[in-house]
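Undergrad: Encoded as structure tokens, here's the structure I'll be asking about.
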Amino acid sequence: MTFKVGVIGGGQLARMMVPPAIELGIDIRVLAEAEGMSAAIAATAVGDYTDLETVEAFAAGVDVVTFDHEHVPQAVLRALLDAGVSVQPGPDALQFAQDKLAMRERLGELGIPMPDWARIETPEQLDDFIAEHGGRAVVKTARGGYDGKGVRVVESAAQVEEWFLALDQDGGPDAGALLAEELVDFRRELAQLVARRPSGDTTLWPVVESVQRDGVCAEVIAPAPGSAGKVAEMAARIGITIAEELGVTGVLAVELFETTDKRILVNELAMRPHNTGHWTIDGSTTSQFEQHLRAVLDLPFGATGHREPWSVMVNILGGPADGDLDGPAALALADQPTAKLHLYGKEPRPGRKIGHVTVSGDDLDEVVFQARAAAAFFAN
Ligand code: ADP
């Protein structure tokens, strides 16, 4: 019997599930949003993931449905469950990756350390929150944000006036509020990746450091330098607690802040393979993409140890202005033979994630240099 996994969403995360699926003999199918997407290599259907009929028809041919993104509406997910489809992660868990306010409320109940936050319905409430937090706050839309879109540092409610106006128009129960957070004075950002099977088993990779530029992940260092001991223990405990208490299945990424006073606070959750785990393809015995497939099929986990002491991943953002990737790719491969280049089959566009480079080795400075040098050939 061949396991059949259906992935909703045709981006690079679905694409990177394809090689381990081939290796494990898994029949992987993708429901892509449009023709020619990153995962087109495996796409067996193109259609609207918000349309129940389309998603049901796709799900009918697979053993389990999983995701490349978190945007499939709750109503669609719950209808799939009612129809007897295995949805991993399920809607009860996914809601906390879909709605940042729901996530803050739930993690608060669990006593997980977080930035100070508040549910904001009016500009007056936001101005009060700002006044109570040193004259500045981070405001986030509860839904639909990614890569820093939907996140703004403000000194007054007037700076997110249009978000309040949009709230008034949306009207729905979840659409009626914004999330305000204290502006955290962080030393660095970390990410803890965990995988959990429906039968309950969990596994995790070491906590990593993620370097963000303009709200987008630029580089990842695995493991996070100086994290051995207390930091790694705190991050692991938080990751496992969230995976278990929220009933997450598949890969869970917990984005964290390490504060200047050595606390670890949860920023946000992603319930799918994550950019901070791309290094695992080349740097870990089992990649996050393989582990995600194993998890959603409830198969035993692979080992998560490092192949080399350090791995560094550098994202390729934007790409060359003339759109030619072949030239830079040939130069990068020639210049940095230790670099593992991953291109996503996407058209270069300013700021767009079109690929990444990973280098692993035992000297962190050298590894950083080589990974940056390879990625630099794609600069515009
Ligand atoms: P997205 O959903 O777009 O990824 P995040 O909530 O992860 O949004 O925020 C994007 C980035 O903004 C974070 O990686 C971090 O650099 C910064 N940020 C978010 N929340 C805070 C906060 N409370 N304090 C300081 N910086 C923050």
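Undergrad: When you go through (1) away from the ligand (no atom under 16 Å from the Cβ); (2) more than 30 Å from W310 (Cα to Cα); (3) hydrophobic (A, V, I, L, M, F, W, C); (4) modelled with pLDDT of 95 or more one by one for L167, which number turns out not to apply?
TA: Among (1) away from the ligand (no atom under 16 Å from the Cβ); (2) more than 30 Å from W310 (Cα to Cα); (3) hydrophobic (A, V, I, L, M, F, W, C); (4) modelled with pLDDT of 95 or more, L167 violates only (4).
Undergrad: Now a separate question. Evaluate segment 12-21: report whether one residue or more is in a strand (DSSP E or B) and crowded, with 20+ Cβ neighbours inside 10 Å.
TA: Checked against the condition, which is being in a strand (DSSP E or B) and crowded, with 20+ Cβ neighbours inside 10 Å, segment 12-21 yields no hits at all.
Undergrad: Here's another thing I want to ask about it. Any chance segment 99-112 includes a residue that's away from the ligand (no atom under 15 Å from the Cβ) and in contact with an Asp or Glu (Cβ under 7 Å, 6 or more places away or on another chain)?
TA: yes
Residue by residue, here is whether (1) within 16 Å of the ligand (Cβ to nearest atom); (2) modelled with pLDDT of 95 or more; (3) in contact with a helix residue (DSSP H, G or I) (Cβ under 9 Å, 6 or more places away or on another chain) holds:
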| residue | (1), (2), (3) |
| --- | --- |
| F58 | no, yes, no |
| V62 | no, yes, no |
| L77 | no, yes, yes |
| A83 | no, yes, yes |
| V87 | no, yes, yes |
| L94 | yes, yes, yes |
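Undergrad: Can I ask one more? Taking segment 228-269 as the region of interest, how many residues are in a loop (DSSP other than H, G, I, E, B), surrounded by fewer than 22 Cβ atoms within 10 Å (Cβ to Cβ) and more than 16 Å from the ligand (Cβ to nearest atom)?
TA: 4
Undergrad: Looking at segment 115-126 only, could you name the residues that are under 15 Å from N267 (Cα atoms) and either of a type outside the set (A, V, I, L, M) or away from the ligand (no atom under 16 Å from the Cβ) (or both)?
TA: Passing the criteria: P115, D116, W117.
Undergrad: If you go through segment 127-147 one residue at a time, how many are within 14 Å of the ligand (Cβ to nearest atom), more than 11 Å from E182 (Cβ to Cβ), touching a helix residue (DSSP H, G or I) at 6+ places or on another chain (Cβ under 7 Å) and not small (G, A, S)?
TA: 4
Undergrad: While we're looking at this one, here's another question. Taking the conditions exactly as written (modelled with pLDDT under 95, within 12 Å of the ligand (Cβ to nearest atom), hydrophobic (A, V, I, L, M, F, W, C) and under 17 Å from the mean Cα position of the chain (by Cα)), does V216 satisfy them or not?
TA: Yes; evaluated as a whole, the condition is true for this residue.
The values are calculated or read from the model by the stated rules, or taken from the named source; none is laboratory data. None of these values were measured; they are calculated from a predicted model. When we count neighbours, we look across all protein chains shown, and the Cβ atoms used for this are built from the backbone with ideal geometry, even at glycine.
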